[in-house]
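Input: a single structure, listed below in structure tokens.
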Amino acid sequence: MIKKLFSIVLVAFTINQVKADEGMWLPILLEQLNIEDMQARGFKLTAEDIYSINKTSMKDAVVLFNGGCTGEIISNEGLMLTNHHCGFSSINSLSTLENNYLRDGFWAKNKDQEIPAPGLTATFIISMFNVTDSIIPYLNKDMDEATRNMVIKQISAKLEAQFKKGTHYDATVRAFYYGNEFYLFLTETFKDLRLVGAPPSSVGNFGGETDNWMWPRHTGDFSMFRIYAGKDNLPAAYDPNNKPFKPRYSFPISLKGVQENDFTMVYGFPGRTQEYLTSYAVDLTINTTNPNRIDCRDQRLAIMNKYMRGNDTVTLMYASKARSLANAYKKWKGEMIGLKLNDAVTKKQTYESKFQQWANTHEGKNYRNLLKDMEAAYTEYKAYSELVDYTSEAFFAVELLNFASGYKKIAALTASDTISTEFYQLEAANFYTNSLNFYSKYYVKIDKELFATMMKLYAENVAPALQSEYFKAEATKYQNNYTAWADALFSKSVFVSAEKLQKAMSNFNAKKAKKLLNDPAYRLYAEVANRYESQIKSGINPLNEKIGIYMREYMKAQRLMQPDRDFYPDANSTLRVTYGNVKGYTAKDAVFYTYQTTDEGIEQKYIAGDEDFDMPASLITLFESNNFGRYANNEGELPIAFIASNHTTGGNSGSPVINANGELIGTNYDRVWEGTMSDIMYDVNRCRNISLDIRYTLFIVEKYAGATNIIQELNIVE
Ligand code: ASP
């Protein structure tokens, strides 16, 4: 009996030790902070299996893909799996009207057919080190921010040089906890990546924007690239003679799928979270910033979509641009709803009053005025928020104005009398050559309509006292008829087309350069940008700097106040582990979502010819045959996607989703609508990451695409 009682007490103790699902943890701290909890939740391996510098570990198969997504190595010939939406802009660029891989998909049936994808990168983390103690002792409270940053930069440069000496690696020092800690990352970046496989967009983006950020989900969001290496298996620029990279590790793939409550972990490069913001910042996000940005993108997207619909040429030009606009736009909407539903401001206020109580004690005395100061800074910032939001999201939404900004370099030359005509001509030729890339994806009708709509938004939302005088004078000249203004500006500016620009730049000289200062697009850009830059310098930057200092102090203070709490650092595109369990969730009153979707859902959503819900006919036939082979679950269905409580964010797109045995079971690609606020406040009841079930990926590769060459490369554990 005593023994039994003892074991009950032990179990209760263990349960208490289980942490919240929230958190994006640094792999080098797992041993110290998380591994017991992970194992209590079902993980069967060790912290060393996840991250080690002494032996191969999972980290050797995880890459930062193209700076903003994650990819994982799935074969010992450098095959990398990521999301379709991560490969999207590359697949888009490799597509033409004749070979429309974006629309129709692409499958290399052997390595010779793989298509070089210029510009793509895959970065491995070789090792990471806590270098806080090499930096913090050299900083002190009396330093102004510029000096502090300079000291950090100088020490970081020394450390970086020291760590990468004699290797082909790069080294970067990154700040964590708002500058309270620093870590150095040693990395290896490959630059010869080739497209191996991508499903048609109707599969890879099934559900389109309608389903984006939503559950239940049926998107086959994956694409595959191969990393190529030069001599000695080292990174090299593209060369047809490069060989497939031999990785240190590649993930075994499990076809066992998931059951409710199964342990899962996501290993990747989450981009940005702000979990420690104050109530003032959250209030600003909910009530000002997000509504402003949504307002602009709503109209930007409506215009782009109108011209893309039914027009393949325009779609190839704008699909990628519209997609990234729409992705953040919809997230901000969901985030706003979630934060409100979750009473985020009130919760933060409650926490802050506890903080203030502590700050009023002897221990917290250095932080007594911190929250008051923070509140004052945010109140001041609020006066600028429309200016900031509508300058970036409305004024600079006009592609012509953005593009004209590139003329700044030549414009600067006109201040001097000693520039030779040859130099002007050289600069003009460079400008023109670089512009061709811009024009290849520029549809002037879209931009003209954008101009009229965005200038109106800017004029109506930015306080007149903060607008540039030139902007106001021009708007008045056209009697606030923004369409008339657009007509005039687009007919006069030389920046609207390659032909006009070429003419303006031929036989270029100082006189012509000066004349272009009055081009209406360049002039408008220059006037608004100059005014804005001075506002940034005098008002916005000092405020941001203040807020930065307060946040650094706030972070430090919170850790002092709660010494037993494990604070995870906000995401900053560095390698993290997040773990949780497969679980459904209650979305709203009377609505509970289960954790797995199947082919049946695709058949229910399928609408032939629909923009978002069409599917290749041959795939529908395959579904109807119910012949899913080894990819079927126990009920004979084809599993499509599943959700779990892993705390993820943008940048985790494409991350490996790993089971208790360290095997790959899926690819992370999204979060559920009710949980998009997890970048600011994670709630275990509502926040779920969405993963593409690896069985659907492999079904598409093998049964739909017939790419058995790919399947043969994989290490599948059945
Ligand atoms: N779908 C998301 C993105 O790419 C991933 C996430 O944020 O969870 O931004």
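Derivation of every value follows stated rules applied to the coordinates shown; laboratory data play no part. On a predicted model such as this, the values are computed, not experimentally measured, just so you know. Quick reminder, even Gly has a Cβ in these numbers, built from the backbone with ideal geometry, and neighbours come from all protein chains shown.
Cβ neighbours within 10 Å, averaged per peptide: list 199-206, 178-185 in order, most packed at the top.
199-206, 178-185
Express in % the proportion of alpha carbon pairs of the stretch 351-482 at distances exceeding 27 Å.
52
Along each of the three principal axes of the Cα atoms of the chain, give the extent in whole Å, ordering the values from largest to smallest.
Principal-axis extents of the chain (Cα, largest first): 94, 71, 60 Å.
After finding the eigenvalues of the alpha carbon gyration tensor for the stretch 521-672, what semi-axes result from the square roots of 5 times each, listed largest first in whole Å?
44, 28, 14
Treat every Asp and Glu Cβ in the stretch 589-718 as -1 and every Lys and Arg Cβ as +1, leave all other atoms uncharged, and give the resulting dipole magnitude about the Cα centre to the nearest 20 debye.
Using Cβ point charges on Lys, Arg, Asp and Glu, the stretch 589-718 gives about 360 debye.
What is the packing order of peptides 289-300, 101-112, taking the mean over residues of other C-beta atoms within 10 Å and listing the highest first?
289-300, 101-112
Which shape class, rounded, prolate or oblate, goes with the stretch 99-149 when its Cα gyration tensor gives a ≥ b ≥ c as root eigenvalues, a/c under 1.5 marks rounded, and past that a/b bigger than b/c marks prolate?
Prolate, since a/c reaches 1.5 and a/b exceeds b/c.
Treating only the Cβ of Lys, Arg, Asp and Glu as charged (+1, +1, -1, -1), what charge dipole size does the chain show about its Cα centre? Round to the nearest 20 debye.
1440
Helices from the chain with mean Kyte-Doolittle at least -0.5 and a Cα length along the axis of 30 Å or more, per DSSP H: which?
In the chain, the long hydrophobic H runs are 312-341.
Peptides 278-284, 238-244: what's the order by average Cβ count within 10 Å, highest mean first?
Result, highest mean first: 278-284, 238-244.
Once the dipole of the chain is set up with Lys and Arg at +1 and Asp and Glu at -1 on Cβ about the Cα centre, which of 302, 197, 608 lies farthest towards its positive end?
302
Nothing charged except the Cβ atoms of Lys and Arg (+1) and of Asp and Glu (-1): what's the magnitude of the dipole of the stretch 406-498 about its Cα centre? Round to the nearest 20 debye.
Magnitude of the dipole: close to 240 debye.
Compute all pairwise cysteine Cβ distances in the chain, then list the cysteines with no distance under 4.7 Å to another cysteine.
296, 687
Report, in deg cm²/dmol and to the nearest 500, the calculated mean residue ellipticity at 222 nm for the chain, where each DSSP H run with n ≥ 4 adds -39500 (n - 2.57) and the sum is divided by the residue count.
Calculated from helices alone, the mean residue ellipticity at 222 nm is -13500 deg cm²/dmol.
Please give, to one decimal in nm, the separation of the simple spin-label points placed at residue 172 and residue 543, each 7 Å out from Cα toward the Cβ.
The two pseudo-label positions are separated by 2.9 nm.
Can you bin the stretch 665-718 into rounded, prolate or oblate? Criterion: square roots of the alpha carbon gyration tensor eigenvalues sorted a ≥ b ≥ c, rounded for a/c under 1.5, prolate for a/b above b/c, oblate for the rest.
prolate
Which one of 396, 378, 464 has its Cα pushed farthest toward the positive end of the charge dipole of the chain, where Lys and Arg give +1 and Asp and Glu give -1 at the Cβ?
464
Which of 216, 252, 550 sits closest to the plus end of the dipole of the chain, meaning its Cα is farthest towards the positive end, when Lys and Arg get +1 and Asp and Glu get -1 on the C-beta?
550
For residue 385 and residue 346, compute 0.36 nm times the residue count separating them, minus their Cα-Cα distance, and round to one decimal in nm.
Gain in length upon complete extension: 11.8 nm.
Cα gyration tensor of the stretch 295-394, axes a ≥ b ≥ c as square roots of the eigenvalues: rounded (a/c below 1.5), prolate (a/b > b/c) or oblate?
prolate
Per residue and in cubic angstrom, what volume does the convex hull of the Cα atoms of the stretch 340-421 have?
186
Please report how far the C-alpha centroid of the stretch 653-718 lies from that of the stretch 553-631, rounded to the nearest whole angstrom.
8
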